[in-house]
1. Kindly provide the set of residues from segment 248-262 that are farther than 27 Å from R62 by Cβ and either open to solvent by less than 40 Å² (accessible area, probe 1.4 Å) or not in a loop (DSSP other than H, G, I, E, B) (or both), ordered by number.
2. Quick check on my filter: what residues within segment 195-211 are without any contact (Cβ under 8 Å) to a residue 60 or more places away in the chain and surrounded by 18 or more Cβ atoms within 10 Å (Cβ to Cβ)?
3. Within the set of pairs 6 or more residues apart or between chains, which connect a residue that is more than 21 Å from D153 (Cα to Cα) and of a type outside the set (D, E) inside segment 123-139 to a residue that is surrounded by 14 or more Cβ atoms within 10 Å (Cβ to Cβ) and modelled with pLDDT of 90 or more with Cβ atoms less than 8 Å apart?
4. Given the conditions (1) over 15 Å from the mean Cα position of the chain (by Cα); (2) at pLDDT 90 or above; (3) surrounded by fewer than 19 Cβ atoms within 10 Å (Cβ to Cβ), report the number of the one that V98 does not fulfil.
5. Out of all the residues in segment 234-241, is one or more part of a strand (DSSP E or B) and farther than 19 Å from P84 by Cα?
6. Would you confirm whether or not segment 212-226 contains a residue that is surrounded by 22 or more Cβ atoms within 10 Å (Cβ to Cβ) and either among the acidic types (D, E) or not in a strand (DSSP E or B) (or both)?
7. Name the residue, out of R29, R11, that is crowded, with 16+ Cβ neighbours inside 10 Å, of a type in the set (K, R) and either modelled with pLDDT of 85 or more or not in a loop (DSSP other than H, G, I, E, B) (or both).
8. Determine which member of the set V148, V137, V174 is of a type in the set (A, V, I, L, M, F, W, C), part of a helix (DSSP H, G or I) and buried (at least 19 other Cβ atoms within 10 Å of the Cβ).
Amino acid sequence: MRNRVRAELWRRGYLRVVRSSFATVPLYRELWALSGRTDPVLVPGRTGVDGGAVRPRDLAGRAGDLVPLAGGSAEIDPLRGLGPVLAEHVGLGCGALVVVVDPAVPRAPLDLCEGVRSCVLDPNGLAGPYAGVLDEVANHLRRADRVVVVGGDKALEQFTAALPEALAHRAVRVPVRGPEDLAAPVGAHALIAHPLLGVLGALGSCGRWHVDHQRVHLRTTPAGPAWTLLRQRSPRLVDVLAGQGRLEWCPRHGTPVVEPWR
């Protein structure tokens, strides 16, 4: 019963975003008027394409058309959602340091909780331009401060190798997995992230891939999982196809998970 109530509330939030996007966002007005939707049906008599979802290639170069008519930002944030997801699934606490090791990330995350510091490092510059920042990270580890390091597998290896051997094991490593790569083995922690959509969820303590359901909606379509950002007003990202798998509900936590195809 509790799961059904949660699922219904989750779906209502998603429908509100869909209706608002159809009414106010130029790209969705165009795409959905041409092909229709299947869930919900916004254009009577149309069956829709890919279950009404949108492929990332259809959004390429069109960030301005994802801005509602009332205005807003057109900036894509690849770290959107990082703070809340880390706080829930990894744990931060006041005084923690979050280190993002990724050459493609332009700036530090914006949604970390109060008292948490952050920095972004290019793994290819750890012995050069970022050496000073790496020294500061090492100082945090010497003081036994909590340091959470986020990045791809190779970037995490480069970061670990650049630290003094006695300190490297103290950092909490959080590898990033794309929605298409969830079947690959991971350790105790991992994030689901997409360069367009940001952070979508994380590996739960139960070993399942939990969707950040407070901020993200997921539905299964004939073309694969479709993701919607529930709280981002602009740029609006609705029903974007990414990865493979299906939506399920975690029997332990009673919240949505994405089950990868194996």
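1. E248, W249, C250, G254, T255, P256, V257, E259, P260
2. Listed by number, the residues that qualify are R208, W209, V211.
3. Listed pairs, sorted by first residue: P129/D122.
4. Among (1) over 15 Å from the mean Cα position of the chain (by Cα); (2) at pLDDT 90 or above; (3) surrounded by fewer than 19 Cβ atoms within 10 Å (Cβ to Cβ), V98 violates only (3).
5. yes
6. We begin by selecting, within segment 212-226, every residue surrounded by 22 or more Cβ atoms within 10 Å (Cβ to Cβ); these are 212, 216-218, 225-226.
Now narrow it down to the ones that are either among the acidic types (D, E) or not in a strand (DSSP E or B) (or both): 212.
Yes, there is a match, as at least one residue in segment 212-226 is surrounded by 22 or more Cβ atoms within 10 Å (Cβ to Cβ) and either among the acidic types (D, E) or not in a strand (DSSP E or B) (or both).
7. Values: R11 fails: crowded, with 16+ Cβ neighbours inside 10 Å.
Exactly one of R29, R11 is crowded, with 16+ Cβ neighbours inside 10 Å, of a type in the set (K, R) and either modelled with pLDDT of 85 or more or not in a loop (DSSP other than H, G, I, E, B) (or both), namely R29.
8. V137
The values are calculated or read from the model by the stated rules, or taken from the named source; none is laboratory data. Just so you know, these numbers come straight off a predicted model, no measurement behind them. Backbone-built Cβ (ideal geometry, glycine too); neighbour counts: all protein chains shown. Accessible surface is based on the protein model in full, side chains and every heavy atom, while ligands, DNA and RNA are left aside. Shrake-Rupley method; radii C 1.70, N 1.55, O 1.52, S 1.80 Å.
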